[in-house]
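Visitor: One structure is given below, represented as structure tokens, and several questions about it will come after.
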Amino acid sequence: MQVNNEFKPKIIAFCCNWCSYAGADLAGTNRLNYPADVKIIRVPCSCRINPMFILRAFQRGADGVILCGCHPGDCHYTSGNYFARRRMTLLFSMLDYLGIEKERTRVEWVSAAEGAKFAATMNEFVETVTKLGENKRLEDLRCKEN
Amino acid sequence: MQKIGVFVCHCGTNIAGTVDVHAVAEALKEEPGVVFSADYPYMCSEAGQNMIKDAIRDYQLTGAVICSCSPRMHEATFRKAATSAGLNPYLVEIANIREQCSWIHKDMPTATEKAIILGKAAIAKVHLNAPLTAGESPVTKRALVIRGGIAGIQTALDIAEAGFPVDIVEKQPTIGGKMTQLDKTFPTLDCAACILTPKMVDCAQNENIKIYSYSEVTDVKGFVGNFRVTIKRKARYVDETKCTGCGICTEKCPMKKVPNEFNLGMNNRTAVYIPFAQAVPKVATIDPEHCNMLKNGKCGVCAKVCTAGAIDYKQKDEFIEQEYGAIVVATGYNPIKLDRYDEFAYSQSKDVITSLEFERLTNAAGPTSGQLLRPSDGKHPHTIVFVQCVGSRDTSGCGKEYCSKICCMYTAKHAMLTREKYPDTDVYVFYIDVRTPGKNFDEFYRRAVEEYGVHYIKGMVGKVAPRADGTLLVQASDLISNEQLKINADLVVLAAAIEPDKTARPLATMLTASMDTNDFFTEAHPKLRPVESPTAGIFLSGTCQGPKDIPETVSQASAAAAKVIGLLVKDKLTCNPCVAHSDEWMCNGCSSCEKVCPYGAITYSDKEFKMPDRTIAIRRVASVNEAVCQGCGACTVACPSGAMDLKGFSNRQIMAEVDAICK
């Protein structure tokens, strides 16, 4: 078994347009390294992230999903990140119930000025998910075929 | 049938250095629907844009994916190019392969693989993009400037000059800000009051400018072009329209022991006061914390002596609501508190002062009428030590990591002026580096050293200890001669770091404008959009955005004004078309979306529906006001029936991206 050495997790990071996506850009501008396993999807606000998207990601074989939004109180749309926080609390406890390790999902607040925090968060998250190994729990076999 | 074009940018070597751009273009050519795929050194250049335009026309493209820098950088550029070639701008998607790929990965195969996946995700999304048309919203032709220091004043004057009404909301009883407290200004040594007070008067006299002094912004609603702002006019217990500013109340007020904040507590004022002689508006204010009449109803002297009958002890805070098209933040700075730097004995000795206190001591309108006297005993100091970088460039966690930018120059000014006025004084300046990057700045600093004989010593002061004879023992190291120095000083002046005003953070929350970790407002782009906040309609003026000297502040203030004028001359603004919309057939009228909408953009109405069995049903359904919706998407997730979706970021689009990445 050489799985652990070879294993490259698939990680999706949902980033809000105003803070975290800009924070990710800043990490790039400052040439701060984090693993290429992280792929970012831009959304207008963390409250745009439907729990369905996360379930879909896990169904399609993602090993980890991280949501990044503005710090509490700093949401561009005033209250969006609060909605996201509440929804994700519920979703995460449901994922836990389904047997998806809770370390595979995370919510982080990253501001537009926190490039270093973005890179550090991603490094740490990838490390955590890599240790957990491949996520098989929610894999939809029908999805595997394509 | 979709016909998608893919355009991969090299960005010189920025992308091509770590991503095999040719391989990306080749790989993406194989994606479904892609009819054209090519790479080019600079997609944003005219030739690059022409390549996109030509491809759109030649291949009748129905969508375009640009693999390039962040959409925050050039999305607008490429959308514009698409529009000019006849493609709806919202059929363009950007795959960010620079900031989020080539710049963070060093290994070419890894980065190339990631770039291909990001490209595939963008292609999957663009398959589902729909052409969108931006709506229009009107512009309220009035600007708000928050705080009236030199930055706010300059911005307001420039906007007013262009013919638009401007309101200045100032927390203090007078406009003028920190600059009113300064004595002379570098590098020309002209007096601050001489150049500032005429501008303050201009503000008061300009018919386009309204000053709300002693007022605060308490609430901001709306969006660019249509802000609704609540301003709290704090009770000053003096009728502004009646007060003539004669000052007789301030002479007769028996409560004379109130620390005078204008002189940083170095002398006292009365409970009813006018901050300084040139205050604008020149109106008295009663300090409710110290006024006996307001505290316990015993006194009333000021009302008796006021010939204009302007004193009104029953005045209440008043809230007014006003509409604005643009908001300029000019909240400025404050020196940091020095309680964490007790090695300099600031709290122990009156003769250890900050540079701003030094300004007051040398100012003719200050507590000593411009005589440089020790605060402890009123004697002339003969040895003065200036300490630079107190709390600036400090990575220990006590102070600020950034450079406060103005201290090197004002210290050179202080040292020079001291030596000029009192040639018998020895002046020492301890510094880490002397930073003089400005027009005529280095010449100014050299004059302090060469002509005025100021002793500049590279090294930091370790400790200041008050001695029994009233002098201060300054222990420091000279890094060039590698010696430990002990100087007996009469006065120690600390160049305290500057930090954003405390009101900036709650204000940023109200404005939904972003801030950095130091509480300075973030600009939309550090180089290309330095006076705009990422939040549309919010502009930045002066030190609220970062440390600045007066010349820089004034240029930025004028730049912000130019941007505001550019906005206010428009009659209509194009709205963001990426807004929510409700599928009325799926909507069950539950009101979940309405409850989470922060803008009140969702309303319900009864509508007639022709049912499949040819009957007519009346159902309560949601509809979105597109001019009000800002496109956050909160409602789309709250909707239990899946009727609500967001244009440009639809459920299907985002899931297509998820699928493409997970493949």
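Visitor: Mind running the shape call on segment B:124-182? Use the C-alpha gyration tensor, a ≥ b ≥ c as the square roots of the eigenvalues: rounded below 1.5 for a/c, prolate if a/b tops b/c, oblate otherwise.
Guide: In terms of gyration-tensor shape, prolate.
Visitor: For segment B:362-425 and segment B:429-480, what is the centre-to-centre distance using only Cα atoms, to the nearest Å?
Guide: Between the Cα centres of segment B:362-425 and segment B:429-480 lies a distance of 10 Å.
Visitor: Residue farthest toward the positive end of the dipole of segment B:331-400, with Cβ of Lys/Arg at +1 and Asp/Glu at -1: which of B:362, B:338, B:399?
Guide: Of B:362, B:338, B:399, it is B:362.
Visitor: Further, regarding this structure: Just tell me which lysines come within less than 19 Å, Cα to Cα, of residue A:136; anything on the same chain fewer than 8 places away is out.
Guide: A:8, A:10, A:102, A:144, B:663
Visitor: Follow-up. With +1 on the Cβ of every Lys and Arg and -1 on the Cβ of every Asp and Glu, and nothing else charged, how large is the dipole of the protein assembly as shown about its Cα centre, in debye rounded to the nearest 20?
Guide: Dipole size: approximately 1520 debye.
Visitor: I'd like the distance separating the alpha-carbon centroids of segment B:76-132 and segment A:70-128, in whole Å.
Guide: Cα centres, segment B:76-132 to segment A:70-128: 25 Å.
Visitor: Still on this model: Please figure out what share of the DSSP beta bridges in segment B:335-497 is antiparallel and state it in percent, rounded to the nearest 5.
Guide: 40 percent
Visitor: Please give the average number of partner chain Cβ atoms lying within 10 Å of the Cβ of each residue in A:79-86, rounded to a whole number.
Guide: Averaged over the peptide's residues, the number is 3.
Visitor: Rounded to the nearest 0.05, what FRET efficiency do residue A:128 and residue B:316 have when you use their Cβ-Cβ distance and R0 = 41 Å?
Guide: Computed FRET efficiency for residue A:128 and residue B:316: 0.15.
Visitor: Stretched out fully, how many nm does the piece from residue B:136 to residue B:323 gain, at 0.36 nm a residue minus the Cα gap?
Guide: 65.5 nm
Visitor: Right, another one. Given the rule -39500 (n - 2.57) for each run of at least 4 DSSP H residues, summed and divided by the residues of the protein assembly as shown, what is its mean residue ellipticity at 222 nm, to the nearest 500 deg cm²/dmol?
Guide: Roughly -9000 deg cm²/dmol at 222 nm, from the helical runs in the protein assembly as shown.
Visitor: Within 10 Å of each Cβ in peptide B:410-417, how many partner chain Cβ atoms are there on average? Round it to a whole number, please.
Guide: Partner-chain Cβ atoms within 10 Å, mean over residues of B:410-417: 0.
Visitor: Another question, if that's okay. Could you work out the relative contact order of chain B, using alpha carbon pairs under 8 angstrom and six or more residues apart, expressed as a whole percent?
Guide: Relative contact order here is 13 percent.
Visitor: How would A:29, B:174 line up from fewest to most surrounding beta-carbon atoms within 10 angstrom?
Guide: A:29, B:174
Visitor: Also: Put +1 on the Cβ of every Lys and Arg and -1 on every Asp and Glu Cβ in chain B; which of B:587, B:497, B:110 then has its Cα farthest towards the positive end of the dipole?
Guide: B:587
Visitor: If we count other beta carbons within 10 Å of each Cβ, what is the order of B:393, B:98, fewest first?
Guide: Ascending Cβ contact count within 10 Å gives the list B:393, B:98.
Visitor: Could you pull out every whole DSSP H run in chain A that spans at least 15 Å of Cα extent along its own axis and averages -1.0 or higher on the Kyte-Doolittle scale?
Guide: Membrane-span-like by this rule: A:80-98, A:115-132.
Visitor: Using 20 Å as the cut-off for backbone N distance, which residues of segment B:203-239 belong to the label zone defined by a point 7 Å from the Cα of residue B:365 along Cα→Cβ?
Guide: B:203-206, B:211-215
Visitor: Mind giving me the FRET efficiency for residue B:84 and residue B:13? R0 is 30 Å, r the Cβ-Cβ distance, nearest 0.05 is fine.
Guide: E between residue B:84 and residue B:13, to the nearest 0.05, is 0.55.
Visitor: Separate question: Averaged across the residues of A:65-73, what count of C-beta atoms belonging to other chains lies within 10 Å of each residue's C-beta?
Guide: Counting Cβ atoms of other protein chains within 10 Å of each residue's Cβ and averaging gives 1.
Visitor: At a Cα cut-off below 14 Å, give the aspartates and glutamates reachable from residue B:316, other chains included and same-chain residues fewer than 8 away excluded.
Guide: Counting by Cα, and skipping residues close in sequence, residue B:316 has these aspartates and glutamates nearby: B:239, B:240, B:287.
Visitor: Also, I was wondering about something else. Take B:619, B:435, A:48 and order them by how many other Cβ atoms sit within 10 Å, fewest up front.
Guide: Neighbour counts put them in this order, fewest first: B:619, B:435, A:48.
Visitor: For chain B, rounded, prolate or oblate, judged on the Cα gyration tensor with a ≥ b ≥ c (square roots of eigenvalues), a/c < 1.5 rounded, else prolate if a/b > b/c?
Guide: oblate
Visitor: Calculate, for residue B:608 and residue B:536, the FRET efficiency according to 1/(1 + (r/R0)^6) with r their C-beta to C-beta distance and R0 35 Å; round to the nearest 0.05.
Guide: Using R0 = 35 Å, I get an efficiency of 0.40.
Visitor: Oh, and also: Set the bar at 30 Å for Cα to Cα. Now go through B:171/B:421; B:171/B:337; B:282/B:527; B:210/B:570; B:502/B:595; B:106/B:458 and name every pair that lies beyond it.
Guide: B:171/B:421; B:282/B:527; B:502/B:595; B:106/B:458
Visitor: Can you bin chain A into rounded, prolate or oblate? Criterion: square roots of the alpha carbon gyration tensor eigenvalues sorted a ≥ b ≥ c, rounded for a/c under 1.5, prolate for a/b above b/c, oblate for the rest.
Guide: Oblate, since a/c reaches 1.5 and b/c is not below a/b.
Visitor: Could you pull out every residue, at least 5 positions away or on a different chain, whose amide H is within less than 5 Å of the one on residue B:39? Hs are placed 1.01 Å off N in the peptide plane, and Pro or chain starts have none.
Guide: B:8
Visitor: Anything in chain B that counts as a DSSP H helix reaching 18 Å or more along its axis (C-alpha) with Kyte-Doolittle mean of at least -1.0? List them, would you?
Guide: B:71-84, B:108-126, B:192-205, B:407-421, B:550-568
All of the numbers you see were taken from the coordinates with simple rules; none came from a lab. Keep in mind that this is a model prediction, so the values were computed, not measured. Reconstructed Cβ throughout: ideal geometry from the backbone, glycine too, with neighbour counts over all protein chains shown.
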